[in-house]
Amino acid sequence: MAVNQPPMPPETKTKYNDPQVVAEQIKTVLPDAVESVSPQALVIKGSQLLEVARYLHDQLAFDYLNNVTSVDYPDHFEVVYNLTSMDRGGAPITLKVNAARENPTVPSLTPVYHGANFQEREVYDMMGIRFEGHPYLRRILMWEGFEGYPLRKDYKEPYWEDDHKPFGTRWDKGHHVIAEDRNPWHDNVRYPANFDALSYKPPREEYPVVSAQQLTASRLLTDKILINIGPQHPSTHGVLRLKTVIDGETVVSVEPVLGYLHRNHEKIGERNTYLQNIPYTDRLDYFTSMANNLAYVITVEKLMNLKPPERAEYIRVIMAELTRWVSHIAALGFFFNDLGAFYTPLIYGLEERELILDLFEAASGSRMMCNYMRFGGLARDVPDGFLDKVQYLVDERLPRVTDEMEAYLVGNEIFLARARNVGVLPRDMAISYSTAGPVLRGSGVKYDVRRAEPYSIYDRFEFDIPTGRIGDIYDRFMVRIAEMRESIKILKQALQQIPGGEIMTGKKNYQIRVPKGEVYGRAENPKGELGFYIVSDGSPNPYRYHVRAPAFINLGALNEMAKGFKVADLIVIQGSIDVVMGEVDR
Amino acid sequence: MAFGLGMLNGLRYTMSRIIKTYIGDLRHLGRPYDPKEFARRQSVKGDGIITVQYPEEKLPVPENFRFVPFLVYEPKLDENGKPLIDPATGKEVVGYERCTACGICAKVCPPQCIWIVRGSTPDGKPKPQPAEFYIDIDVCMNCGYCAEFCPFDAIKMDHNYELADYERHVGHIHDIKRLMKSTTYYAQIHPQDWAREEADRKAKEAAKAKKQTTT
């Protein structure tokens, strides 16, 4: 496609958060590509999606694909894309493409955005929409050979009881029945045609072959072999399996095999009511449950048009920033585990983590599964003495430990040798792969959702966005340390400004009414941009509930980072992404 | 900089940690498990967290700690206003159950682990009391919604986290008998909540009494 439009002058770019304006721009080059426009989204013709995406990417600088998901409507499927510009920031625009119910097909965006690879595979896996032109369209969370598409509305999981909670049998109807007896297994489990469990063999696993010229491997005559790292391996941070093709000791390609911890979080979310989802978000990235709560709650509050009181906002920020500090110190510790500094740095960091988790426990009732935020406020106010303890931590301990950790670890020559110029992810690749958080900033992209699209009250605080230079492991590591300092800065300001007063807007209610609509809400989690795409049809349960898991999408760039480095580096590179499998597999 | 200096610099920190632990041990010599000292070391002002010898020792849990709900009942009082104790079981005699079988806890429960059957009077009319109340604690995710949204303060979160059992089909299905705990126990584990709720209740009752006298 030839687009001969000159690039837009920078001052006109700010208006591109409005779909109407973007639609006008698209119409100038592709007159019949836009089917319809609403204040929320653009509906694009499927046949011209790729051209539109290319135009948006090249001419309007929408260089970042936040999120790809799909919605199952009774008469059609809808694939939803959220795009932002790294330079402009602001809220993402939403593109939608409709696909027929029978044999749904949509062109793949992988030629424009590398980040579409994993996300489209997820959509294909969960919803059965084929992406034409996708280089490797296979299941990603379920196994190859699984029958059915779990996120379609007609799919019923094993132990299915009812379409929506609350289940009718629970109140005034019957007695307790154990889960195994509630729904016989064979009722709703489908097998492929002619399936025989005893003689079943999984399809042969192939690996993409990369030509040897791309690599400057040794002159030794080596064969490419496929080795399997994980899923049960202490260095993979959970049940992550890496199908690795190596040439000698050099990594040729890595394919993360996911889904060992898959529990169909999104389907559970659609069965739940809005309120019931909050404790489930704790279990996504279990290191950062407070931040997950916050991201989900602000998304639904956007739909409900609800604003929490000041004190609640401040407590939310304090909790989220403490979480960030805890998550980063644990990430650094585990990262050194991968390097071979066996547990000592981790244990040093865990001391402060322990104190912060004790504070979380005192406030919310649980150390890790906090379930602390509610729509329009918090579950309860913080206990007496909580803020004094946080103040003491923030003034005395956290800065000291951050400095000590840096002095302790960063000068170490072994660390420098292993981390510098290893696992390099260049700036344009980091953006193209839709990486987020410290991985993105490590590659030198000054992008933080807290600044680009400020949520909660982050626009009131003074803080910097640390960035790396070249995007190697060292940069990601240093970005994390710098972010811990920024968190302390935010915490100091928040503790100074925190007002008294209510912690809840309106009365506490378990029957949440969410008006019709759809929303993509996001927050800067320690691991990256955690997004929720929610479609509400006005009923007590979300019609569609999608989680944009940062660690999942960051893993998509692993192959790019690890190519050409040694197997031992692969472990460290993977550690520097800081994956948490609870979030990756959902 | 010569190779290795950075490493040595880092190891200085490790060394100082080692020395600090010995200094700490000397400071706590002879009283490592003194409760006051113990609490200080576990606090934000402590230096180095000490290992707790569970199950011989336990850390105190904060009041908001939540683990598996229980039902609250008001004990029957004797003439002195003290709760009557059943000599057979050693438990306080049930005065009345706070639960009215409204079913909000069962509806709000995210994993749907609460089953309630409403009670009925001998002539078949429904009465506001549960006939049966089950919580499957294997399914319970300890979110605390039931306690948060109960309008009668009848279901609360417990502090007892030692619920391991040899089997799950009987021992992990808590029925109404096992779930019932008296307000004395509740006041003991949730002193602040209890004081606040009692004050609210008294204020409400006073307002009600005032209304009745004026009308």
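Taking Cα atoms, how many degrees apart are the long axis of helix B:191-214 and the longest axis of chain B, rounded to 10 and kept between 0 and 90? The two axes meet at around 30 degrees. Over all pairs of different C-alpha atoms in chain B, the reciprocal of the mean inverse distance, the Kirkwood hydrodynamic radius, equals 21.6 Å. Given R₀ = 45 Å, FRET efficiency for residue A:58-residue A:496 by Cβ-Cβ distance, to 0.05? Plugging the Cβ-Cβ distance into 1/(1 + (r/R0)^6) gives 0.50. What percent do you get for the relative contact order of the stretch A:299-354 when only Cα pairs under 8 Å and 6+ apart count? Taking the mean separation of contacting Cα pairs over the length of the stretch A:299-354, I get 26 percent.
Once C-alpha pairs closer than 8 Å and six or more residues apart are averaged by separation and normalised to the residue number of chain A, the relative contact order reads 16 percent. In this structure, residue A:568 and residue A:429 have a Cβ-Cβ separation that, at R0 = 25 Å, corresponds to a calculated FRET efficiency of about 0.65. Net charge in the neighbourhood of residue B:71 (other residues with Cβ under 11 Å of its Cβ; Lys, Arg +1, Asp, Glu -1) is +1.
If you take the beta carbon distance between residue A:451 and residue B:82 as r and set R0 to 56 Å, what does 1/(1 + (r/R0)^6) give as a FRET efficiency, to the nearest 0.05? E(calc), rounded to 0.05, equals 0.35. Remark: spin-label model distance residue A:147-residue A:189 equals 1.1 nm, labels positioned 7 Å along the Cα→Cβ axis. For the stretch A:317-452, the square roots of the Cα gyration tensor eigenvalues, ordered a ≥ b ≥ c, give a/c of at least 1.5 with a/b no greater than b/c, which places it in the oblate category. Pairs of C-alpha atoms in the protein assembly as shown farther apart than 36 Å represent 51 percent of all such pairs. The distance from the alpha carbon centre of the stretch B:112-179 to that of the stretch A:332-404 is 33 Å, rounded to a whole number.
Each residue of the stretch A:103-114 is assigned a 3J(HN,Hα), and the resulting list reads 6, x, 9, 9, x, 7, 9, 4, x, 9, 10, 5 Hz, derived from the Karplus form 6.51 cos²θ - 1.76 cosθ + 1.60 (θ = phi - 60°), x at Gly and Pro.
When you restrict to C-alpha pairs under 8 Å that are six or more residues apart and normalise by the size of chain B, the relative contact order lands at 20 percent. For the stretch A:261-273, putting each phi into the Karplus relation 6.51 cos²θ - 1.76 cosθ + 1.60 with θ = phi - 60° gives couplings of 10, 6, 10, 6, 3, 6, 5, 4, x, 6, 6, 6, 7 Hz, in residue order, rounded to whole numbers and with x for Gly and Pro. Computed from Cα positions, the angle between helix B:5-27 and the longest principal axis of chain B comes to roughly 60 degrees. Counting only other chain Cβ atoms within 10 Å of each residue's Cβ, the peptide A:412-418 averages 4. Assuming a viscosity of 0.692 mPa s and a temperature of 37 °C, what translational diffusion coefficient in µm² per second does Stokes-Einstein assign to the stretch A:114-155, Rh being the Kirkwood radius over Cα pairs? Translational D for this selection: 315 µm²/s. Between residue A:18 and residue B:187, the simple label model (points 7 Å from Cα in the Cβ direction) yields a spacing of 6.4 nm. Packing around the peptides A:28-36, A:323-331, taken as the average count of other Cβ atoms within 10 Å per residue, puts them in this order, highest first: A:323-331, A:28-36. Over the protein assembly as shown, dividing the summed -39,500 (n - 2.57) contributions of all DSSP H runs of at least 4 residues by the number of residues returns a 222 nm mean residue ellipticity of -11000 deg cm²/dmol.
For residue A:70, the residues whose modelled amide H falls within less than 5 Å of its own, excluding neighbours fewer than 5 places apart on the same chain, are A:80. Comparing B:97, B:79, B:198 in a Gaussian network model of chain B, where Cα atoms under 10 Å apart are tied by springs, the biggest mean-square fluctuation is seen for B:79.
Spin-label model, residue A:343 to residue B:131: label points 7 Å out along the Cα-to-beta-carbon direction sit 5.5 nm apart.
Comparing Cα centroids, the stretch A:412-439 and the stretch A:134-162 end up 34 angstrom apart. Provide the net charge surrounding residue A:112, with neighbours chosen by a C-beta distance below 13 Å and charges set as Lys +1, Arg +1, Asp -1, Glu -1. Here the count lands on -4. You can think of it this way: the chain between residue A:516 and residue A:302 has 75.9 nm of extra reach, that is 0.36 nm per residue less the Cα-Cα gap. Can you tally the net charge around residue A:335? Count Lys and Arg as +1, Asp and Glu as -1, for every other residue whose Cβ sits under 11 Å from the Cβ of residue A:335. Net of charged neighbours comes to +1.
Every number here is computed from the coordinates shown, using simple stated rules; none is lab data. All figures in this text were calculated on a predicted structure; none of them were measured in a lab. Positions of Cβ are backbone-derived with ideal geometry, glycine not excepted, and every protein chain shown enters the neighbour counts.
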